[in-house]
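Before any comments, here is the structure.
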Amino acid sequence: MSNNSFTPTPKHFVAPLEETPLVAIDAVNVGERPSNLWIDAWRDMRRRPMFWISAVIILLVIVVALFPTLFTSVPPNDNCQLSNSNGGPTSDHLLGFTKQGCDVFSRLVHGTSTSLSVGIIVTILTTVLGILFGAFAGFYGGWLDSILSRAGDIFFSIPYILAAVVIMSVFSAYRNVFIISLAIGIFAWPATARVLRAEILRVKNSDYVMAARATGVTNFRILVRHVLPNSIAPVIVVTTISLGAAIVAEATLSFLGVGLPNSTMSWGNDISAAQVDLRTAPQTLIYPSLALSITVLAFIMMGEVIRDALDPKARAQR
Amino acid sequence: MAGYILRRLLQAIPVLLGTTFLIYFMVFAMPGDPLLALFGDKTPNPALLERLRQEYHLDQPFIVQYFLYLGGIFRGDFGTSFSGEAVSDILARTFPVTIRLAIMALIIEFVGGVLIGLVSGLRKGKLFDASALVVSLIFISLPIFVIAFVAQYIFGIQLGWARTTVSTGAPIQDLILPAFVLASISFAQLIRLTRASVIETQGLDFVRTAYGKGLSRRRIIPVHILRNSLIPVVTYAATDFGVLLVGATVTEGIFNVPGVGRTLYQAIIRGEGPTVVSFVTVMVLIYLAVNLVVDLLYGLLDPRIRYVK
């Protein structure tokens, strides 16, 4: 390698020699913490209001999903009275009533955990599958890459809502949060795999990988210790955004009537049930839609902020 | 060029086989005997059952059944719907409507997306740009059925500008509102793509040269900047055509547009499993075919793509 001898980069000679003593130029503040991608990204993110807004919304959604009773004392299904059907807001029931005479706000609060758990399970599934397929395809290359990438192409070429519709029609007897997450995730992972594969192709020829190889580190260890940690950044972006997309997918499937059974409280089901009453009782449709949209918006905004922070090119375009 | 077309066609074969196999496999996994279901509560005659089993090739192993089914697809036989009409006949009736809707949506999103993206890119960091970014974020996170209902409520019910459902024959003026709703799926992506592309092109040497020669902004913006920024945008819009065709399911269902999507939507709502599967298969095939045609067209238009493996 030609890097054996020390060749100073032009940067070292910017300052005129007679004005600045050489010692001062070469002095390096050893005490300063080494900066890396993640620290830079964090510094960039915390200066942006969008980050804090989306972080607060996401935290709120998580708390509502975990402890719904903190936010409403009205049970979502028990006190429903048909005399209240599609009724407007009252002082105890601020968002009005559904067609079945249930409290809209209470159903919203109790439906949060469904949407969030589908989003999280789908994301775990797509991330695990995406990392497995993307990492092996990108790092080992050759015939393994061909097989894994073609398999990804096949799953990628079926629009995942359509695939989920078929799966949910097939498993119509066993509709629950896990099955619907599986139906969405099993066709959504190639996006993650592609992003990771592209990044690994870029990273795997870096000098530090070569250095690791020269010191005799095994292939698998190089992949896990050096290549993956350095190519995971775009995966995090895709993951955050796809969490929002998964929540939308669940709502769409429930809306179409092949999602969760009506007995499960979910925003998609509430929207689906309310669509016929758009003219007479818009509140039953608008509030669940609003909750859904704000949650998804928070995850997508978070993904965008992370993307901007991790990608200097995107930062320059801002 | 011939080599490129051949290579793309060959690459499409495993994807085609794989997708149809996956769909068929998922359906095969469906619990219960389809023939017994045909008889409802009655106990079928064993001889009749045996004959039907042979007629529908259900006595053959799975892989043979799959290839028989694949052969049917290539002959244009996609099965029959629940009401007994051949799926190919329904397609012939409904597909033109869906294509009309998708083309209208494509025009709307392209014109709107490019215009807003161009202005955003030229005024990077200004108020217009910031608001366009926020609006595009909101559009990305709104599910299509929410947009559809809000549009129906505002333009159909409150303002009375458009009909909330499309009348028979799907005339163009009735399709405008659904087309706008459908266009909103990728509208935001087009704005962002155009904006990024315009910002990148703006910094290139030939634009600086054009300014240096003293050309007016009225000439530089459309001729030098816009034209050179459009390449990735056109690419995206073309592949988006397939997405629009397939994504029309919810929109057509809500606005009652008599297209392929509504047929699928109604089959899903009524729980007609086999019809759903036939239509999903058809839509996936259409999607693959559109993407293949787009790929081939690119090879024709842009010689660089032909030589990149």
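Computed from the coordinates by the stated procedures, all read-outs in this text should not be read as laboratory data. For clarity, every value in this text was computed on a predicted model and none was experimentally measured. Positions of Cβ are generated from backbone atoms using ideal geometry, with glycine treated the same way; all protein chains shown enter the neighbour counts.
Extension gain for residue A:56-residue A:290 works out to 82.6 nm (0.36 nm per residue, less the C-alpha to C-alpha distance). Put the Cα centre of region A:179-256 next to the Cα centre of region B:106-165 and the gap is 32 Å. Estimated purely from DSSP H runs of n ≥ 4, each contributing -39500 (n - 2.57), the mean residue ellipticity at 222 nm for chain B is -24500 deg cm²/dmol once divided by its residues. Spin-label model, residue A:311 to residue B:215: label points 7 Å out along the Cα-to-beta-carbon direction sit 2.9 nm apart. The ellipsoid equivalent to the alpha-carbon distribution of region B:206-280 has semi-axes of 48, 12, 6 angstrom, derived from the gyration tensor eigenvalues as √(5λ) and listed largest first. Spin-label pair residue B:285-residue A:202: with each label point 7 Å from Cα along the Cα-Cβ axis, the two points sit 4.0 nm from one another.
Note on residue A:219 and residue B:51: with the Förster distance fixed at 60 Å, the Cβ-Cβ geometry gives a FRET efficiency of about 0.55. A Gaussian network model of chain B, with springs between Cα atoms under 10 Å, assigns the largest mean-square fluctuation among B:257, B:134, B:290 to B:134. The alpha carbons of region A:189-286 stretch over 72, 22, 16 Å along the principal axes, in descending order. Pairwise alpha-carbon distances in region B:95-257 exceed 29 Å for 28% of all pairs. Treating r as the C-beta distance of residue A:145 and residue B:163 and R0 as 51 Å, the FRET efficiency rounds to 0.45.
Taken along the Cα-to-beta-carbon direction at a fixed 7 Å, the label points for residue B:60 and residue A:277 span 5.2 nm.
Phi-derived couplings, Karplus 6.51 cos²θ - 1.76 cosθ + 1.60 at θ = phi - 60°, listed residue by residue for region A:131-148: 5, 4, 5, x, 5, 5, 5, x, 7, 8, x, x, 5, 4, 4, 4, 5, 5 Hz, with x used for Gly and Pro.
If r is the Cβ-Cβ distance from residue B:13 to residue B:227 and R0 is 45 Å, what FRET efficiency results, to the nearest 0.05? That pair, residue B:13 with residue B:227, gives E of 0.75. In a Gaussian network model over chain B where Cα atoms closer than 10 Å are linked, find which of B:20, B:235, B:281 has the largest mean-square fluctuation. Comparing B:20, B:235, B:281 in the GNM, the peak value goes to B:235. Compactness check for chain B: Cα Rg over 2.2 N^0.38 Å is 1.25. Phi-derived couplings, Karplus 6.51 cos²θ - 1.76 cosθ + 1.60 at θ = phi - 60°, listed residue by residue for region A:236-245: 4, 4, 4, 4, 4, 5, 6, 4, x, 5 Hz, with x used for Gly and Pro. Rounded to the nearest whole Hz, the Karplus-based 3J(HN,Hα) values (6.51 cos²θ - 1.76 cosθ + 1.60, θ = phi - 60°) of region B:13-23 follow the sequence 4, x, 5, 4, 4, x, 5, 5, 4, 4, 4, with x at glycine and proline.
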